[in-house]
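Enquirer: Can you keep this structure in mind? I'll have questions shortly.
The values are calculated or read from the model by the stated rules, or taken from the named source; none is laboratory data. These numbers were taken from a predicted model, which means no experiment stands behind them. Neighbour counts are summed over all protein chains in view; Cβ atoms, including those assigned to glycine, are modelled from backbone coordinates with ideal geometry. Note: areas computed on protein heavy atoms with side chains; ligands, DNA, RNA excluded. Shrake-Rupley method; radii C 1.70, N 1.55, O 1.52, S 1.80 Å.
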Amino acid sequence: LGGKDLFFRPGDNILLKPNFLKDDPRHKGIITNPKLIREIAIIALDSGCKVRIGDSPGFGSIGWVLNRSGYSDIFSDLDVKIVDFNNPVELRNKEGIFKRFYVDKEILEADKIINLPKVKSHGQMIITMALKNMFGAIVGKRKIQWHLNTGIRYMDFAKMLVELHYAINPSLNIIDGIVGME
């Protein structure tokens, strides 16, 4: 990739955006592997960055997901802030069909977003990776509205995911394929 200095600079406010959909106590590949997230956080911290880890789980909070998955203390020795996405702000989309999204304020406050999705199957999109993971930037029940409004029209849902991804514009996508969920 050309070295960590391309992505991490001293003083940067970095947001790591994993997929913390729900608890994964049997480690079946439902969530981004917290060990991978930890290693990326260490690289960012060693580069002098401020690090936040955030998502909007479909079930529970990030703390609940980590606890139920057996990772409750994995970030406790690191100077990172864990943030549940629950503070919606409007993100305007200048191009495309979908003109606005309500994402968490952490998305707009970050200097750089490092997207850390999972390789896994999905009922509507067949497979999820970088594009689908940014859908977790949308706060809480607003995700359900998007699923209901575009869910039966798969191409509309796919277009929305592409437009959301480009509106957020993560600096780097690192896909966790350690255990793929099928």
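Enquirer: May I ask which of Lys81/Lys141; Lys94/Lys143; Lys99/Lys143; Lys94/Lys141; Lys35/Lys141; Lys81/Lys112 have a Cα-Cα span longer than 18 Å here?
Expert: Lys81/Lys141; Lys94/Lys143; Lys94/Lys141; Lys35/Lys141
Enquirer: Only helical DSSP H runs with n ≥ 4 go in: add -39500 (n - 2.57) per run for the chain, normalise by residue count and round the 222 nm mean residue ellipticity to 500 deg cm²/dmol.
Expert: -8000 deg cm²/dmol
Enquirer: Cα atoms only, the range 132-182: Rg and Dmax in Å?
Expert: Values for the range 132-182 (Cα only, Rg and Dmax): 12.3, 33 Å.
Enquirer: How charged is the neighbourhood of Gly96? Take every other residue with its Cβ under 14 Å from the Cβ of Gly96, and add Lys/Arg as +1 and Asp/Glu as -1.
Expert: Summing Lys/Arg as +1 and Asp/Glu as -1 gives +2.
Enquirer: Provide Rg and Dmax in Å for the chain, with only Cα atoms included in the calculation.
Expert: 15.6, 45
Enquirer: Right, here's the next one. At q = 0.17, 0.21, 0.25 Å⁻¹, work out log10 I(q)/I(0) for the range 91-162 with the Debye formula, treating every Cα as an identical point scatterer and leaving solvent out; two decimals please.
Expert: -0.68, -1.04, -1.41
Enquirer: Would you please put 108-120, 91-103 in order of how densely packed they are, using the mean number of other Cβ atoms within 10 angstrom per residue and starting with the highest?
Expert: Highest-to-lowest ranking by the protection proxy: 108-120, 91-103.
Enquirer: Once label points are set 7 Å from the Cα along Cα→Cβ at both Ser121 and Lys22, what is their separation, rounded to one decimal in nm?
Expert: 1.6
Enquirer: While we're on this one: Please give me the summed charge of the neighbours of Asp5: other residues whose Cβ is under 13 Å from its Cβ, Lys and Arg +1, Asp and Glu -1.
Expert: +1
Enquirer: Extension gain Glu90-Asn67, at 0.36 nm per residue separation less the Cα-Cα distance, in nm?
Expert: This chain segment gains 5.2 nm when fully extended.
Enquirer: Between the range 4-34 and the range 71-150, how many Å separate their Cα centres?
Expert: Each part's Cα centre sits 12 Å from the other's.
Enquirer: Right, another one. Suppose all protein chains stay in the model; what accessible area per residue would a 1.4 Å probe give for the range 64-124, in Å²?
Expert: For the range 64-124, the per-residue accessible area is 54 Å².
Enquirer: Leaving out ligands, DNA and RNA, what percent of the accessible area of the chain is carbon and sulfur, probe 1.4 Å?
Expert: Of all accessible area on the chain, carbon and sulfur atoms account for 53 percent.
Enquirer: In nm, to one decimal, how far is the modelled label at Arg142 from the one at Ile178, with both set 7 Å along Cα→Cβ?
Expert: Between Arg142 and Ile178, the label points sit 3.0 nm apart.
Enquirer: In nm, give the distance between the simple-model label positions of Asp156 and Asp77, each being 7 Å from the Cα along the Cα-to-Cβ direction.
Expert: 5.0
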